[in-house]
Amino acid sequence: MSNLRFEAPETVEDAVRLLAEADGEAKPLAGGTDLLVQLRTDFVRPGLIVDLKRIPALMDVTVNGGEIRVGAAVSGATLGKNEAVTAAWPGVVEALELIGSTQIQGRASLGGNLCNGSPAADSVPALIAAGAVCEIAGPGGTRSMPVEDVVTGPGQLALGPGEIVVSFVMPKPPPRSGDAYLRFIPRTEMDIAVVGAGVALTLDEAGVCTHARLGLGAVAPRPLLVEDGAKALIGTTVDDDALANLAAAASAACNPIDDKRGTIEYRVKVAGVLARRAALIALERARSNG
């Protein structure tokens with residue numbers, strides 16, 4: 001690490017240029033809660049680190065008309081104090097706030113959590129459920145990508161050289177909408193998810209579900225959007241049969257590993273249970289948001 005170079009640009013363009021022109025491996029730093037550990041253990045050995053936290057576009061939270069934009073480097077502590085985001089997408093905020101300790105919350109960000117590429121990242125299933133889209137900047141300009149398409153495998157991203165996630169765009173949910181995120185961990189605090197499940201849904205005036213999304217984490221090589229989970233709820237009053245079908249769809253989508261935190265069979269079972277429980281919380285929130 002003696003030859004490690006550190007840069008802290010103040011514009012997206014400068015950050016992209018530094019990363020694209022780097023001689024050797026370069027790493028962007030959003031919160032650093034994963035990267036700093038990887039550096040200390042020599043898991044990664046970049047020649048350049050580009051700190052993104054001085055770039056306004058990555059640190060702002062804005063609500064414009066029908067959309068909410070959250071900068072990729074906004075910390076969990078900051079986002080948790082934003083009334084507009086916590087009212088619109090409480091599940092997303094709760095998921096980000098599950099990461100680490102109080103001290104970690106001052107640094108941990110949605111962008112860092114996503115781009116670390118962990119299949120068990122807590123905020124990602126909640127972002128998938130919310131229908132979040134990443135705004136990406138790179139040497140070739142800007143583009144958008146659904147959150148569920150960013151991670152392609154453990155530690156692997158669908159980002160090209162010099163590309164960074166600038167912000168997350170989420171729709172402002174209509175009336176009678178709710179979301180929730182739940183995870184199961186071996187300990188009571190600060191552990192990696194055995195399973196994570198995020199659910200978002202919208203009801204019509206009669207209480208029938210008109211929109212739904214299910215995101216799962218830690219049950220496959222990448223976080224999942226489970227389309228059959230949405231199909232299980234849409235057109236129903238989210239009754240017991242619909243919830244049972246949702247749980248079945250969640251379990252069927254799993255392709256997990258065996259490890260010290262849980263067996264394949266256990267993760268498959270827990271995925272269905274958590275999806276059902278998250279849907280019930282989202283349903284209660286939707287009914288109260290009329």
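For the chain, please report how many Lys pairs fall under 21 Å Cα to Cα, leaving out neighbours fewer than 8 apart on the same chain.
5
Extending each Cα 7 Å along its Cβ direction at Tyr266 and Gln156, get the distance between those two points in nm, one decimal.
Taking the simple label geometry, Tyr266 and Gln156 are separated by 2.7 nm.
Can you give me the distance in nm between label points at Asp228 and Asn3, each placed 7 Å from the Cα along the Cα-to-Cβ direction?
Result: 5.1 nm between the two label points.
May I ask you to give the solvent-accessible area per residue for the chain, in square angstrom, as obtained with a 1.4 angstrom probe?
Averaged over the residues of the chain, the accessible area is 46 Å².
7 Å from Cα along Cα→Cβ at both His211 and Asp240: what's the point-to-point distance in nm?
3.1
Grab the other residues whose beta carbon is less than 10 angstrom from that of Leu48, score K and R as +1, D and E as -1, and report the net.
-2
For Val44 and Glu13, what is the calculated FRET efficiency with R₀ set at 25 Å and r taken between the beta-carbons, to the nearest 0.05?
Efficiency for this residue pair is about 0.50.
Over the chain, what is the relative contact order in whole percent, taking alpha-carbon pairs under 8 Å and six or more residues apart?
16
Can you give me the % of accessible surface on the chain that is carbon or sulfur? Probe 1.4 Å, all protein chains present, nothing else counted.
Heavy-atom surface of the chain belonging to carbon and sulfur, 1.4 Å probe: 51 percent.
The values are calculated or read from the model by the stated rules, or taken from the named source; none is laboratory data. As the structure is a prediction and not an experimental result, all values here were calculated from the model. All Cβ positions, glycine included, derive from the backbone under ideal geometry; neighbour counts span all protein chains shown. Just the protein is used for accessible areas: all its heavy atoms, side chains included, with ligands, DNA and RNA removed. Shrake-Rupley method; radii C 1.70, N 1.55, O 1.52, S 1.80 Å.
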